[in-house]
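The values are calculated or read from the model by the stated rules, or taken from the named source; none is laboratory data. All of these numbers come straight from a predicted model, not from anything done at the bench. Heads up, the Cβs are rebuilt from the backbone with ideal geometry, glycines too, and the neighbour counts pull from every protein chain shown.
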Amino acid sequence: MIRLLLVDDQSLIRRGMKALLKVDEELQVVGEAENGQEAIRFIQQAYATSTTEMLQPDVVLMDIRMPIMDGVATTREICQTFPQIKVLVLTTFDDDEYVAQAIRNGASGYLLKDTPFDELVQAIRFVYRGYMQIGPGLASKVIANPLPTATSQPRELPELTSRELEILRLIAQGASNREIANTLFISEKTVRNHVTNILSRLHLRDRTQAAIVALQNGWLS
């Protein structure tokens with residue numbers, strides 16, 4: 001079961017999303033919030049006592065433009081304070097800066113609200129499993145808005161071995177450690193060691209940032 005928190009300032013949207021998501025037996029909406037402040041309060045209360053464990057969300061479906069506290073700031077707060085929770089932005093706005101900021105702040109995905117329902121459900125599952133999900137046409141917006149200089153890397157990275165570059169490309173394509181291991185005919189433990197080395201050498205926080213850097217530097221080609 002994947003537990004979901006819906007964050008959107010329009011109650012009609014939340015009700016519609018909740019009704020649609022209930023169709024899938026693997027998804028459970030455990031809470032709603034009309035702005036980022038309410039979302040963070042809900043998560044804090046869910047983790048406050050052991051009796052509220054079933055309310056702890058695995059994935060947050062996050063709108064961007066909201067009063068009091070918007071989705072960009074909320075995404076940053078959630079990803080920093082509750083790194084075990086995945087944030088999937090779901091909004092009508094495809095503004096370049098919104099997309100880039102949300103991903104920089106730790107969002108595991110960015111989709112538009114006109115995404116077909118089946119694709120949304122699939123994206124939720126992938127994000128829950130640790131994959132990065134970017135809607136069609138949005139990857140270019142991430143590339144056009146690079147990460148801050150402190151975490152940006154040059155196009156050529158001689159400190160990465162050919163194997164590490166290969167694994168980095170697969171990470172950017174959304175492959176899990178098991179899938180990478182099967183593709184390269186190596187063990188999952190070896191893959192984990194390589195991933196740790198890649199993040200350390202590139203001074204990156206997680207696989208999502210690694211995927212962004214790979215996209216920005218053209219390493220997928």
Quiz item: Would a scan of the stretch 149-163 turn up a residue that is closer than 30 Å to ARG14 by Cβ, at pLDDT 85 or above and among the charged types (D, E, K, R)?
Solution: no
Exercise. Could you look through the stretch 14-51, keep only residues that are without any contact (Cβ under 8 Å) to a residue 12 or more places away in the chain and either among the aliphatic types (A, V, I, L, M) or not assigned by TED's automatic domain parsing to the domain that holds GLN122 (or both), and pick out the one that is nearest to MET66 (Cα to Cα)?
Key: ALA19
Quiz item: Is at least one residue of the stretch 53-66 without any contact (Cβ under 8 Å) to a residue 12 or more places away in the chain and under 27 Å from ARG129 (Cβ atoms)?
Solution: yes
Exercise. Filter the stretch 91-125 for residues that are within 25 Å of LEU204 (Cα to Cα) and of a type in the set (A, V, I, L, M) and give the result.
Key: VAL99, ALA100, ALA102, ILE103, ALA107, LEU111, ALA123, ILE124
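Residues are listed down the side, and each one gets a yes or a no for (1) among the polar types (S, T, N, Q); (2) under 16 Å from VAL30 (Cβ atoms):
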| residue | (1), (2) |
| --- | --- |
| GLN56 | yes, yes |
| MET62 | no, yes |
| ARG76 | no, no |
| GLN84 | yes, yes |
| ASP95 | no, no |
| VAL99 | no, no |
| TYR110 | no, no |
| ASP114 | no, no |
| PHE126 | no, no |
Quiz item: Got a sec? Which of GLU38, GLU25, GLU77 is more than 19 Å from VAL127 (Cα to Cα) and acidic (Asp, Glu)?
Solution: GLU38
Exercise. Note down all Cβ pairs under 7 Å where the first residue falls in the stretch 112-125 and is small (Gly, Ala, Ser), the second is at pLDDT below 90 and surrounded by 13 or more Cβ atoms within 10 Å (Cβ to Cβ), and they're at least six residues apart or on different chains.
Key: ALA123/GLY109; ALA123/GLN133
